[in-house]
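To keep things clear, I will list the structure first and then write my remarks on it.
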Amino acid sequence: MPEQDSVSISEEKRSRHARPHWIYPWTFGVFVSSLLLGRWLGIRFADNGVEFLYQFLDPEILRNDLARGLYYLHAQPPLFNLFLGLVLKSFPGTARVAFAISFAAISLGLLLGMVWLMRRLGVPALLAGASCLMFAWTPNFMVYSNWVFYTLPVAFLVQLSAILLMRYLETGRSVLAHAFSWSGALLMMTRALYHPLWFIAVVASVSAFVTTQKRKELLVSAIVPLLLVNGLYLKNYLQVGSYSGSSWLGMNLSKRWPLSQSEMAALREDGTLPPVWHRRPFREPDELRHLGYFRPRPGVHPAIGAPYKSNGQPNFNHRDYASISQEMERADRYLILHYPGRYLQRTATAFLLFLQPGPNSVDFLVDYDFSRVHRLRDVLTRTVFRGDPIERPIGMFEPPANLWVLGFPALLAFGLYSTLRGNPSDRRDPRPVFAYMVVTIVWVTVTSSLIEIGENDRMRWEVEPLLTVLLANAATAVYRRLTSSGAAERV
């Protein structure tokens, strides 16, 4: 017995010794170097979208009537607009600085969290540091870290959930199970893509690889977050008839259908396509008034009743856009059932867009010169991903294939393999974390490809930290297999 104790003590000392103290200062240095490289590429902090992006409430409402504005918000989940409003109200005149500091902190937290998670999953420090550098020097990270939109915060929350789950597995503290579930609620209240069905799938898959006690704690911890999110959905349903986090499903799904003008004309004539159907679904109110929409409604809050924001930009949170979206959704369902081949073309094209290195859909939304970023993106696309740069406009099946077409399913296969193998009696069995990563990546891939077509590469980036962690673990597994085989041959 004393001999066993001395062995375990010596192993613990070796483990402490093997823990590199340089990895987190290194990560901070990587973050600083990414900022400097981004400046050289011409990237500047862009908060101009607060004034005009469809997803945001009127800036005047954010500043002066935030609570009621959020209550009437149905086009998007409320948390990112809450963040915008708090910053605009708390830092009048210096909101840009506050946004920049907030996004810098989230960016650094994302990198530190990636390194922490890789180390916890057994990735050597050198490989974790190199993976962090590779991720931080991509144009995606540099652009999204300097753009006021929910892409970066969502990526951070996706990874935070994995970290909280890992800590819960290590410590068994029930408070961490609740923190994990509430991080899922934060995601669902920030981005409509993360749906209660995703959360249920995550909790179910994670629960399959834990002890009975942990399974009970996880299931109990998920109840209140699910009730809260469904309460938001119920509020939207009572307001505009849409039981969801976003009332735009029909408009998003109506984009880029591969139908000819004559086919659309025939479908309009027989009433299948509504009069509002157009190749550009997000049309301004003045273009639709002749169809009876956007009539004045005295006494209705401007967040839901004003066709235009106070700065002249269209208000896509107007209740009539929910009605328009529902009309389009009925037509979408008809097209999916009666033109499945066309829907398959659309979905396959969206998936090819999902696999583009990017960024491909931000340059027209920021107020700085994007040319150097495009040049770096094109060089990386050709040399690293062995593909051709994307060119717009894009037809069906036109997005060029690259190594992601092979690498992406290979990483998912490795993640699934890592989920199904392991030691259930090990207190730090990482299988639930791999299960969370695989389910989340698959969910984002499938739902974004089935619904969105155009900004899919940006949606992929929200789970790219998880893909980087999987890549580092796969490289570690290959290295250990090769070195163990070499050692066996020498023996």
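Just so it is clear, none of the values below were taken in a lab; they were calculated from the coordinates. What you see is a predicted model, and the numbers here were worked out from it, not measured in a lab. We place every Cβ from the backbone using ideal geometry, glycine too, and count neighbours over all the protein chains shown.
If amide H atoms are built 1.01 Å from N in the plane of the peptide, which residues on other chains or at least 5 residues away come under 5 Å of the amide H of residue 147?
46
I need the shape label for the range 48-91. Rule: rounded when a/c is under 1.5, else prolate if a/b > b/c, else oblate, with a, b, c from the alpha carbon gyration tensor.
Oblate is the answer for the range 48-91, as a/c is 1.5 or above yet b/c matches or exceeds a/b.
If the cut-off is 22 Å between C-alpha atoms, which lysines fall inside it for residue 89, apart from same-chain ones fewer than 8 positions away?
Counting by Cα, and skipping residues close in sequence, residue 89 has these lysines nearby: 309.
For the range 230-328, go through all pairs of different Cα atoms, get the mean of 1/r, take its inverse, and jot down that Kirkwood value in Å.
Working: mean 1/r = 0.0686 Å⁻¹.
This gives a value of 14.6 Å.
Of the peptides 128-138, 333-343, 48-58, how do they stack up when ordered by the mean number of other Cβ atoms within 10 Å, highest first?
Details: 128-138: 20.5, 333-343: 13.6, 48-58: 18.5.
Ranking, from highest mean packing down: 128-138, 48-58, 333-343.
State, as an integer percentage, the relative contact order of the chain based on alpha-carbon contacts under 8 Å between residues 6 or more apart.
Values: 623 pairs, mean separation 101.8, N = 491.
Reported as a whole number, the value is 21 percent.
How are the alpha carbon pair distances in the range 157-260 distributed across 10 Å bins from zero to the largest one, expressed in percent?
Calculated P(r), rounded to whole percents: 14, 41, 24, 14, 5, 1.
Please list 3J(HN,Hα) in residue order for the range 117-127, calculated via the Karplus relation 6.51 cos²θ - 1.76 cosθ + 1.60 where θ = phi - 60°; whole Hz, with x for glycine and proline.
Karplus-based 3J(HN,Hα) across the range 117-127 equals 5, 4, 5, 5, 8, x, 6, x, 4, 4, 5 Hz.
Going by average Cβ neighbours within 10 Å, how do the peptides 172-179, 155-162 rank, with the highest at the top? Intermediate values should be presented prior to the final figure.
Details: 172-179: 17.4, 155-162: 24.5.
So the peptides 172-179, 155-162, ranked by packing, come out 155-162, 172-179.
If the viscosity is 1.306 mPa s and the temperature 10 °C, what Stokes-Einstein diffusion coefficient in µm²/s follows for the chain when Rh is the Kirkwood radius over Cα pairs?
Values: Rh = 24.5 Å.
D, rounded to a whole number, is 65 µm²/s.
Check residue 308: other-chain or 5+ apart residues with amide H under 5 Å from its amide H, H built from backbone geometry?
Residues meeting the amide H criterion: 315.
At what distance in angstrom do the alpha carbon centres of the range 94-120 and the range 159-176 lie from each other?
After rounding, the separation between the Cα centres reads 20 Å.
Applying a 10 Å radius around every beta-carbon, put 200-206, 271-277, 353-359 in order of their mean neighbour count, most first. Mind dumping the intermediate values first?
Working: 200-206: 19.9, 271-277: 17.1, 353-359: 24.6.
Peptide ranking by packing, descending: 353-359, 200-206, 271-277.
Relative to the compact globular guide of 2.2 N^0.38 Å, what is the alpha carbon radius of gyration of the range 345-471, as a ratio?
Details: Rg = 16.4 Å, N = 127, 2.2 N^0.38 = 13.9 Å.
Normalised Cα radius of gyration, the range 345-471: 1.19.
What full-extension length gain, to one decimal in nm, is calculated for residue 313 and residue 371 as 0.36 nm per residue of separation minus the Cα-Cα distance?
Working: separation 58, 0.36 × 58 = 20.88 nm, distance 2.69 nm.
Length gained between residue 313 and residue 371: 18.2 nm.
Can you tell me how much longer the chain between residue 364 and residue 171 gets when fully stretched, taken as 0.36 nm per residue apart minus their C-alpha distance, in nm with one decimal? If you can, show how the numbers build up before the last one.
Working: separation 193, 0.36 × 193 = 69.48 nm, distance 4.64 nm.
Length difference between fully extended and current span is 64.8 nm.
Pairs of alpha-carbon atoms within less than 8 angstrom and 6+ residues apart define the contacts here; what relative contact order does the range 262-366 have, in percent? Don't skip to the end; give the middle numbers.
Details: 51 pairs, mean separation 21.1, N = 105.
Across the range 262-366, relative contact order equals 20 percent.
Which of the aspartates and glutamates could a cross-linker bridge to residue 235, judged by Cα under 16 Å and excluding same-chain residues fewer than eight apart?
none
In whole Å and largest first, what semi-axes does the C-alpha gyration tensor of the range 240-399 yield when each eigenvalue is scaled by 5 and square-rooted? Show your work: numbers first, answer last.
On the way: eigenvalues 211, 110, 33 Å².
In descending order, the three semi-axes are 32, 23, 13 Å.
Quick check of the Kirkwood formula: for the range 408-470, what is the inverse mean of 1/r over all pairs of different Cα atoms, in Å? Intermediate values should be presented prior to the final figure.
Working: mean 1/r = 0.0801 Å⁻¹.
By the Kirkwood definition, the hydrodynamic radius is 12.5 Å.
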